[in-house]
Amino acid sequence: EMRAHPPRLIFLGDSITEDWEKHGPPAWRDFAPVWQRFYGDHHAVNLGFMGDTTANLLWRIEHGELAGISPKGAVILIGANNLGYLHWSAHDTVLGIDTCLRELHRRLPHTKVLLLSVLPSERTAWATRTTRVINRRLAAQFPPGSGYVTFLDVTHVFMRNGRFDRALFLDPRLRPPAAPLHEPPAQGDGERSHP
């Protein structure tokens, strides 16, 4: 896909990013139309892969995934899986994100990066606390105007009245239900608008 149509915009991440390619069923899991609406005319390529940690993303960057392209922008959403089975610390996760950013910049020096915060989830109290620490550290490391990386903390999008809103996640809709981790794009049913 990238050889046939050099991308102007790339998305790097884990299953939260990869989900944009889903076509349902059910209808609430048909995300591809939202991708097309917002990014279809931007020569965007989705490079999200289920289960990826910062180490997996780093491996992909170091082993040619970005070879031969020069996109104008990159959106990165990574780190949630570091807090799952691997149980990595906030320090190690931030170090992993920072290393991915440095290696991406080394290979794509003219690409501007939008780094999204690790999204909130409802997996464990430890994961919730660690996510907050990670996002605070990333915000401090990448203040506005800090160069090629713009950090955007999107935690507030998943809150209503100051509380975590389970309705904004697809996992509780699954059968059997799972702990909230993945967010569905807006489908016109009163859910949040997508950035």
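The values are calculated or read from the model by the stated rules, or taken from the named source; none is laboratory data. All values reported here derive from a predicted model rather than from experimental measurement. Neighbour counts run over all protein chains shown; Cβ positions are idealised from the backbone, glycine included. Note: areas computed on protein heavy atoms with side chains; ligands, DNA, RNA excluded. Shrake-Rupley method; radii C 1.70, N 1.55, O 1.52, S 1.80 Å.
The figures follow:
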read-out	value
222 nm mean residue ellipticity, helices alone, for the chain (DSSP H n ≥ 4; -39,500 (n - 2.57); rounded to 500)	-8500 deg cm²/dmol
In range of the label at MET2: residues from region 43-70 whose backbone nitrogen is under 15 Å from the point 7 Å along Cα→Cβ	43-49, 57-70
Per residue, in Å², the accessible surface of the chain once ligands and nucleic acids are set aside, probe 1.4 Å	53
In Hz, Karplus ³J(HN,Hα) per residue of region 91-107 (6.51, -1.76, 1.60; θ = phi - 60°; x = Gly, Pro)	4, 5, 5, 5, 4, x, 5, 4, 5, 4, 5, 5, 5, 5, 5, 4, 8
Residue with peak Gaussian network fluctuation, the chain [Cα springs, cutoff 10 Å], from VAL75, VAL133, VAL118	VAL133
Segment HIS42-TRP28, extension gain: residue separation times 0.36 nm, minus the distance between their alpha carbons	2.6 nm
Positive dipole terminus of region 37-129, leading residue within LEU104, THR54, LEU114 (C-beta point charges)	LEU114
Where labels lie 7 Å past Cα in the beta-carbon direction, separation of LEU95 and LYS112 in nm	3.2
Long-range amide H partners of LEU66 with built H, under 5 Å	none
For region 20-81, with +1 on Lys and Arg beta carbons and -1 on Asp and Glu, the positive-most of TYR39, LEU77, ALA67 along the dipole	TYR39
14 Å beta-carbon shell around PHE151, net charge (K/R +1, D/E -1)	+1
Listed residues GLY147, GLY13, THR124: farthest to the positive end of the dipole of the chain (Cβ charges)	GLY147
Three principal axis lengths of region 21-94 [C-alpha, angstrom, descending]	37, 35, 17
Lys, Arg +1 and Asp, Glu -1 on Cβ, resulting dipole of the chain about Cα centre, debye, nearest 20	380
The chain - share of DSSP beta bridges that are antiparallel (%, nearest 5)	15
Phi-based couplings in Hz for region 40-55 (Karplus 6.51, -1.76, 1.60; Gly and Pro marked x)	x, 9, 10, 6, 8, 10, 8, 10, x, 9, 3, x, 5, 9, 4, 5
Lys, Arg +1 and Asp, Glu -1 on Cβ, resulting dipole of region 1-96 about Cα centre, debye, nearest 20	260
